[in-house]
Amino acid sequence: MPTEHPIAIVGGGPAGALAGAQLAAGGREVVLFDEKLAWEKPCGGGLTHKTLQQYPFLAETGSEGNLVEHCELISPSGQRVRFHMQHPVAIFSRRVLNGLLLERARGAGVEVHQERITRIERTGGGWQLRTPQAEYRASYVMLAAGARNSFCAQFRAPISPHDLMVTAGYFIPGRTPLMQIQFLKGITGYIWVFPRADHVSAGIAGKMGEVSTADLRRALERWLEENGFRLEGANFYSHILPSFRTETFETLKVCGEGWAMIGDSAGLVDPITGEGLYYALRSAELCAGALLAGRPEDYRNLLEEEVLPELRLAARVSHRFYRGEIFGDSALERMVSLTAQSASFRDLMSDLFAGIQSYRDLRARLYRILPAVMTEGLAGTLRWPWNGSVGSELATDPE
């Protein structure tokens, strides 16, 4: 790889900023371009325990993130259960999180430009990048500017609308100690309420083509009103996220001669949950490491070993998760009821939210805890008629 020009990173979100910081710390000259730099997004901004373990400097930011220990799951029929997450989720404003990572990149020596890249062209062994203000040369280009960035199609085949998820959300003044997830009938997605440090991020996500953004927004507003959230002073946002199908992951091209994609640009988002921050940061770390080792082509192999098998499996089971049945009932209804009835299942859900329970090991763990889940469920069933309402204790006790 030629080194007479810097490495150019297009996109200043978590993936681009972390990759830039690691490359600059490793002695490479890096120029990062982003039109908005630190900006807000309608997503939860949740960093799992797994993410905080991998990147401990994020856990050391103190009041910048809001640690949340309690979660409420709501089934499509309205069944509710609250449980304590053994490993809290740190919820950040994306503007704050992006700003922290960009400052870290600057501190490492990254040259940050608040400019919009309008053209990327191959020039011999390197690249020419153009903005409305200037032209730049680069030895290597790293795309980290989101799934719908126009340059993605320049390097790989265009993705289908079926590989995207639409999100709409509000940033609502106020505070709540509870993270809430409401699953919906007929929508491959959910409503979320994530408590941030100084406001609440409430949003809704659904597969593109399955439901319009306007319908998603109306469903979200109706739910918020029914659940006591007032929108006075709230700000509305919408965004597009990758949610790749199995066949898209199978043919995914993430790097080539002189270029690579990381984070959302590479489609590295969980198709079940929509969680992408861990994969954005990890793909940035793997790509930067391959470049610093002088073997940029290893990036694909590193993803194949660690990241892609998990995301492929999520893509394969996503439809069954949202639309499937277990023992004659909706999988979502059954999941919420088991969380209410079984301590063993609640521990499993807690580990899933923490990011320390992988999909690949999930079936084996379910088999291991099945006897306990059945015993606990039976005990709960026998107890309910004498308790009053079904699941009332578990539905109100966060512990």
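Using the Karplus curve 6.51 cos²θ - 1.76 cosθ + 1.60 with θ = phi - 60°, what ³J(HN,Hα) values do you get for each residue of the range 118-127, in whole Hz, with x for Gly and Pro?
9, 7, 10, 10, 6, 9, x, x, x, 9
Label T375 and R222 with points 7 Å out from Cα along Cα→Cβ: what is the distance between them in nm?
Once both label points are built, they end up 4.4 nm from each other.
Per residue of the range 232-242, in order, report the coupling 6.51 cos²θ - 1.76 cosθ + 1.60 (Karplus, θ = phi - 60°) as ³J(HN,Hα) in whole Hz, putting x for Gly and Pro.
Rounded to whole hertz, the list is 4, x, 7, 10, 9, 9, 9, 7, 10, 10, x.
Under the definition of Cα pairs under 8 Å and six or more residues apart, what whole-number percent is the relative contact order of the chain? List each step's numbers first, then the result.
On the way: 826 pairs, mean separation 83.3, N = 399.
Once divided by the residue count of the chain, the mean separation gives 21 percent.
In 20 Å bins starting at zero, report the fraction of Cα pairs in the chain per bin as a rounded %.
Cα pair-distance distribution for the chain, in percent: 27, 56, 16, 1.
Please list, ordered by chain and number, the residues whose modelled amide H lies under 5 Å from the amide H of A145; skip anything fewer than 5 residues away on the same chain.
Placed amide hydrogens put S265 under 5 Å from A145.
How high is the FRET efficiency between A197 and S150 when r is their beta carbon distance and R₀ equals 25 Å, given to the nearest 0.05?
0.15
Compute the long axis of helix 14-25 from its Cα atoms, compare it with the longest principal axis of the Cα atoms of the chain, and write down the angle in degrees, 0 to 90, nearest 10.
Tilt of helix 14-25: around 50 degrees.
Please state, as a whole number in µm²/s, the translational diffusion coefficient that the Stokes-Einstein equation yields for the range 161-242 at 37 °C and 0.692 mPa s, with Rh defined as the Kirkwood radius across alpha carbon pairs.
256 µm²/s
Check which residues have an amide H placed less than 5 Å from K41's amide H, if you skip close sequence neighbours.
Close amide H contacts, sequence-distant or interchain: R94, R95.
Net charge within 10 Å of P6 by Cβ-Cβ distance, Lys/Arg positive one each and Asp/Glu negative one each, not counting P6 itself? Mind dumping the intermediate values first?
Working: positive: R28, R137; negative: E4, E29, E111.
In short, -1.
On a 0 to 90 degree scale, rounded to 10, what angle separates helix 308-323 from the longest Cα axis of the chain?
Roughly 40 degrees, rounded to the nearest 10.
Where does helix 331-341 land angle-wise versus the long Cα axis of the chain, in degrees 0 to 90, nearest 10?
Taking the Cα atoms of the chain, the angle to 331-341 is about 60 degrees.
Nearest 500 deg cm²/dmol is fine: what mean residue ellipticity at 222 nm does the chain get from its DSSP H runs of n ≥ 4 alone, each adding -39,500 (n - 2.57), divided by its residue count? Each step should come with its number before you reach the end.
On the way: 14 runs with 151 residues, N = 399.
Calculated from helices alone, the mean residue ellipticity at 222 nm is -11500 deg cm²/dmol.
Excluding same-chain residues fewer than 8 positions from K50, which lysines have a Cα within less than 25 Å of its Cα?
K50 reaches K41.
Taking a cut-off of 16 Å between Cα atoms, list the lysines near K185, but don't count ones fewer than 8 places away on the same chain.
Here the lysines satisfying the reach criterion relative to K185 are K207.
Could you work out the local net charge near L286, counting Lys and Arg as +1, Asp and Glu as -1, over the other residues with Cβ closer than 12 Å to its Cβ?
After counting each charged neighbour, the total is -2.
With θ taken as phi - 60° and the coefficients 6.51, -1.76 and 1.60, list the Karplus ³J(HN,Hα) couplings across the range 128-134 in order, rounded to whole Hz; mark glycine and proline as x.
Along the range 128-134, the couplings run 10, 10, 10, 10, x, 9, 6 Hz.
The numbers here are math on the coordinates, done by the rules we state, and not lab data. Just so it is clear, the model here is predicted, and its values are computed rather than measured. Every residue, glycine among them, receives a Cβ derived from its backbone with ideal geometry; neighbour counts consider all protein chains shown.
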